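J.: Quick one: structure below, then a few questions.
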Amino acid sequence: MRAAAGVRVVRHGDRRRRARYGRVLWGGGEVLVTAGLVLLLLVVHQLWWTNREARRGAERKVAALEREWGSGTAAADGGSSGGAGGTGGPGGHVGASGAGSAAEPGGSGASRARRGPYTPSSPPRRSQAYAVLTIPRLDLRVPVAEGVSKADVLNKGYVGHYRGTQQPGQAGNFALAGHRNTHGEPFRYLPRLRRGDGIEVETRSATYTYGVDQVLPRTSATDSGVVRPVPRSRVRPGYGYDEPGYYLTLTTCTPEFTSRYRMVVWAKLVSMRPR
C-alpha cells in the first residue's frame with residue numbers, strides 16, 4: 001500500500017538502527033565518564049594521598065631517630081659506604097659513578113669537622129634512615145636514608161644519600177636526592193634557597209651546619225659531575241668547584257612534574273656541634 005502524500009513512513013529497520021546508535025553513544029559516554037573519574041582518582045592519589053602518607057611516615061621516622069639518639073639505643077647509623085651510585089630517573093637523582101674520597105682541605109669549617117668527623121660504628125644498610133636533614137627556610141625536616149631507591153627511600157618521603165659519596169662532616173661531597181613532586185615532595189621548594197641559607201644534618205653523634213653557596217638551576221639527569229668529591233657540572237662547567245672541600249649537594253627534578261632535568265644546590269660545611 002502506498003503512503004498518503006506528505007506522510008512520512010517510519011520503517012522498523014530505521015527505528016532499530018537509531019536505537020542501536022543511541023546505545024553506542026550512551027555506552028561511549030559511560031566509558032568516557034568512567035575513564036575521567038579513574039584519571040581524577042589517580043591524580044588525587046598522586047598529588048594528595050601519596051604526599052599525605054609520605055609526610056606522616058617521614059615525621060614518624062624523624063621522631064623515632066630522635067628517640068633512639070636520646071636513649072642511646074644501639075642501632076647502626078651511617079658511615080662511608082661504597083657501591084654503585086644512582087642513575088637518572090623520576091626520583092630526582094643523577095648518575096653517581098666515579099664518586100670517592102677527597103683530600104682534606106683547609107678552612108675553618110673543615111678544621112672543626114676534622115676535630116669531630118662523623119665516625120659511625122658501621123656503614124648504613126641500604127634504605128636505612130640514619131640522619132635528619134633540616135632546612136629552616138623551607139620549613140623542612142626530613143629523614144636521610146642510604147641509597148636513592150624510589151620504592152624503599154624516595155617514595156617514603158625521605159631524602160636519599162648517593163651511595164659512594166661521603167657522609168656528613170667528612171671531606172668530599174655528601175650528596176642527597178629528593179622528590180620535587182608527590183610522595184612527600186621534600187624538595188619541592190628547593191628553588192627558594194639563596195646563598196648563605198643554613199642547612200643542618202643531624203646524626204647520632206653531631207649536628208653539621210652547611211651554608212648554601214651555589215645553585216645550578218638545570219642540568220642533565222645524567223650529569224654525574226655534580227656528585228663527585230669535588231663537584232662540578234660536566235654539562236655546565238661554569239657551575240661547581242675546583243678545590244677539595246666539605247660539600248653538601250642536594251638534587252631534585254626540574255621543571256615541576258617532570259623528570260627531564262635536574263636542579264642542584266651546593267653548600268659548604270660551616271660548623272660541627274657534638275650532640
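J.: Quick one: in segment 132-173, of everything that is assigned to a strand (DSSP E or B) and in contact with a helix residue (DSSP H, G or I) (Cβ under 8 Å, 6 or more places away or on another chain), which residue is surrounded by the fewest Cβ atoms within 10 Å (Cβ to Cβ)?
T.: Ranking the candidates gives R141 first.
J.: Out of (1) of a type outside the set (D, E); (2) in contact (Cβ under 8 Å) with a residue 12 or more places away in the chain; (3) touching a helix residue (DSSP H, G or I) at 6+ places or on another chain (Cβ under 7 Å), the odd one out for R232 is which?
T.: Single failed check for R232: (2).
J.: So which residues in segment 159-187 are under 24 Å from K268 (Cβ atoms) and either aliphatic (A, V, I, L, M) or touching a Lys or Arg at 6+ places or on another chain (Cβ under 7 Å) (or both)?
T.: V159, A171, N173, A175, L176, A177, R180, F187, listed by residue number.
J.: For G225, are the conditions met, namely being surrounded by fewer than 19 Cβ atoms within 10 Å (Cβ to Cβ) and small (G, A, S)?
T.: Judged against the criteria, G225 is not a match.
J.: Residues that are assigned to a helix (DSSP H, G or I) and modelled with pLDDT under 70: does segment 50-72 have at least one?
T.: no
J.: L176 - would you say it is in contact with a Phe, Trp or Tyr (Cβ under 9 Å, 6 or more places away or on another chain) and surrounded by fewer than 24 Cβ atoms within 10 Å (Cβ to Cβ)?
T.: No: the conditions fail for L176.
J.: Does T207 count as modelled with pLDDT of 95 or more and either basic (K, R) or in contact with a helix residue (DSSP H, G or I) (Cβ under 9 Å, 6 or more places away or on another chain) (or both)?
T.: No.
J.: Something else now. For the condition among the polar types (S, T, N, Q) and not in a loop (DSSP other than H, G, I, E, B), what is the one hit in T222, T252, T182?
T.: Checking each option against the conditions leaves just T252.
A quick yes/no check of all residues on (1) among the hydroxyl-bearing types (S, T, Y); (2) within 15 Å of the chain's Cα centre (by Cα); (3) crowded, with 17+ Cβ neighbours inside 10 Å; (4) farther than 20 Å from G178 by Cβ:
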position	(1), (2), (3), (4)
G238	no, no, no, yes
T254	yes, yes, yes, no
F257	no, yes, no, no
R262	no, yes, yes, no
V265	no, yes, yes, no
M272	no, no, yes, yes
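The values are calculated or read from the model by the stated rules, or taken from the named source; none is laboratory data. The structure presented is a predicted model; accordingly, all values stated were derived computationally and were not measured. A quick note on method: Cβ atoms are made from the backbone with ideal geometry, for glycine too, and the neighbour counts reach across all protein chains shown.
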